[in-house]
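The values are calculated or read from the model by the stated rules, or taken from the named source; none is laboratory data. Because the structure is predicted, anything quoted here is derived from the model rather than measured. Don't worry about glycine lacking a Cβ; one is built from the backbone with ideal geometry, like all the others, and counts go over all protein chains shown.
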Amino acid sequence: MNRSITPLRPDLTRSLRNGPLAGCEAPYRKWLDERGYATSTSRAYILCLTHFARWASDLGVTCETLSCSTIARFIDEHLPCCDCPRPVQRSRAQVRAALRQLQPALAAAGITFVEADPNAVERELERYDAFLRDRRGLAASTRLHRRKIIRDLLQLTAGTGGSSAWQEASRLRRFVAERADRWSPASLGTLTGALRSYLRYRGLLGDDVVALLPVIVSPAQWRLSALPETLSADEVESVLTSFGPSLPSWRRGLAIAQCVARLGLRSAEVVALELEDLDWDIGTIRLRHCKSRRVDRLPMPVPVGEAVMNYLRHERPSCKSRKVFVRHVAPVEKPLLPGVVKSTLLAAYTRCGLPYTRIHILRHSLAARVLAGGGTLKEVADLLRHRHLDTTQIYAKVDSGRLDAVAMPWPGSGT
């Protein structure tokens with residue numbers, strides 16, 4: 001892309017241009033320009049870099065001594081108590097996003113961070129992830145959740161007794177207890193499952209973790225004890241009709257919502273769809289990146305096909321990516337994350353005045369509609385792509401028609 005970022009007023013970037021990090025400015029501007037960042041975003045990012053440069057110059061940091069830990073200190077220690085004179089960027093999210101581009105920008109110019117290699121925690125997480133993928137066969141979404149939990153554990157104990165500090169029963173117990181009051185039983189079950197999985201992994205490597213396993217106690221949670229939340233047909237329709245031209249990226253939002261509501265796709269399955277997965281001739285969608293790690297093919301309902309086609313023709317940016325759904329801001333080649341699906345649907349809930357906070361409820365609603373229309377649990381299992389029919393049993397609780405047929409009269413009611 002041949003364009004240049006509109007220069008900021010010289011006084012706003014003086015700390016960057018005249019300081020020890022002056023050599024970072026040109027590569028950083030070039031990096032943003034080549035990746036098509038909007039002018040307003042580029043200007044904001046350069047202000048973030050200027051703020052960092054002002055702070056780093058007091059520590060004697062140069063382009064040759066930059067490190068990931070220096071950036072982390074600036075974000076975690078300086079920003080919360082920043083009293084630098086305005087105008088400066090103090091938003092942690094924006095500063096983090098801006099400085100995340102600094103390392104690759106300098107690397108492209110031949111300047112390497114002191115800590116260019118992943119730290120010990122990240123290397124350990126990479127090995128653990130490979131174990132979960134190759135030895136346990138877990139889906140990418142499951143591995144992602146487990147990595148997040150173990151990263152928190154390892155980072156919490158980093159620098160407080162060596163790499164094995166987390167292997168103390170008191171630390172593990174405290175790690176779980178600090179989350180017990182804030183997390184739901186289901187989330188705590190995920191947490192304890194991830195911790196036990198990591199302990200088993202370390203045990204295979206020779207660590208003595210047998211005494212730690214009893215420390216991790218799962219919360220009380222009875223399988224199939226609750227009714228699955230569902231939306232009525234009118235509520236589902238209101239969610240789908242809440243997307244309109246007044247919203248940014250509304251065609252993408254509508255297409256995503258149709259895929260989740262009409263096909264029961266998971267967030268990771270939506271963002272993994274590629275153009276080659278859409279067979280317009282016979283009207284099917286191929287799912288190659290499922291949680292079950294198998295290839296499935298689903299019929300493409302007309303509303304889904306129309307929404308996806310409308311998005312592809314009128315809103316999807318032109319880019320090299322083969323993904324159906326892509327980013328609408330630079331860098332557009334970067335894969336869309338499942339979080340975008342969640343935020344898109346939660347925003348739709350809010351517009352409709354619905355109090356729900358989970359997008360999985362749309363899968364529940366689809367199952368309930370199939371059963372209400374006379375479908376069987378086996379058909380629901382096939383539609384939702386469950387590997388085991390036991391997973392689908394919970395939907396029997398919302399099959400009111402069949403439940404009425406087997407209900408026994410209340411004792412003493414006379415009916």
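Only one residue in 366, 354, 336 is touching a Leu at 6+ places or on another chain (Cβ under 8 Å), within 20 Å of residue 258 (Cβ to Cβ) and in a loop (DSSP other than H, G, I, E, B). Which one?
Within the list 366, 354, 336, the selection yields 354.
Kindly check whether there is at least one residue in the range 67-75 that is charged (D, E, K, R) and either in contact (Cβ under 8 Å) with a residue 40 or more places away in the chain or surrounded by fewer than 14 Cβ atoms within 10 Å (Cβ to Cβ) (or both).
no
Look at the range 319-361 and say how many of its residues are among the hydroxyl-bearing types (Ser, Thr, Tyr) and modelled with pLDDT under 90. Walk me through how you get there before you give the answer.
Our first condition is that a residue be among the hydroxyl-bearing types (Ser, Thr, Tyr); within the range 319-361, this holds for 321, 343-344, 349-350, 356-357.
Remaining after also requiring modelled with pLDDT under 90: 356-357.
Selection size over the range 319-361: 2.
What's the number of the only condition in (1) buried (at least 19 other Cβ atoms within 10 Å of the Cβ); (2) outside any loop (DSSP other than H, G, I, E, B); (3) at pLDDT below 95 that residue 311 fails to meet?
Condition (3) is where residue 311 drops out.
Of the residues 237, 276, which is within 23 Å of residue 354 (Cα to Cα), acidic (Asp, Glu), over 22 Å from the mean Cα position of the chain (by Cα) and outside the structural domain of residue 175 (by TED's automatic domain parsing)?
Values: 276 fails: within 23 Å of residue 354 (Cα to Cα).
The unique qualifying residue is 237.
Only one of these is surrounded by fewer than 16 Cβ atoms within 10 Å (Cβ to Cβ) and not β-branched (Val, Ile, Thr): 249, 218. Name it. First the steps, then the outcome.
Working: 249 fails: surrounded by fewer than 16 Cβ atoms within 10 Å (Cβ to Cβ).
It is 218.
For the list (1) in contact (Cβ under 8 Å) with a residue 24 or more places away in the chain; (2) surrounded by fewer than 16 Cβ atoms within 10 Å (Cβ to Cβ); (3) closer than 22 Å to residue 142 by Cα, I need the number of the one condition that residue 256 fails.
So the condition that residue 256 fails would be (2).
Among the listed residues 236, 270, identify the single one that is hydrophobic (A, V, I, L, M, F, W, C), at pLDDT 90 or above and touching a Ser or Thr at 6+ places or on another chain (Cβ under 9 Å).
236
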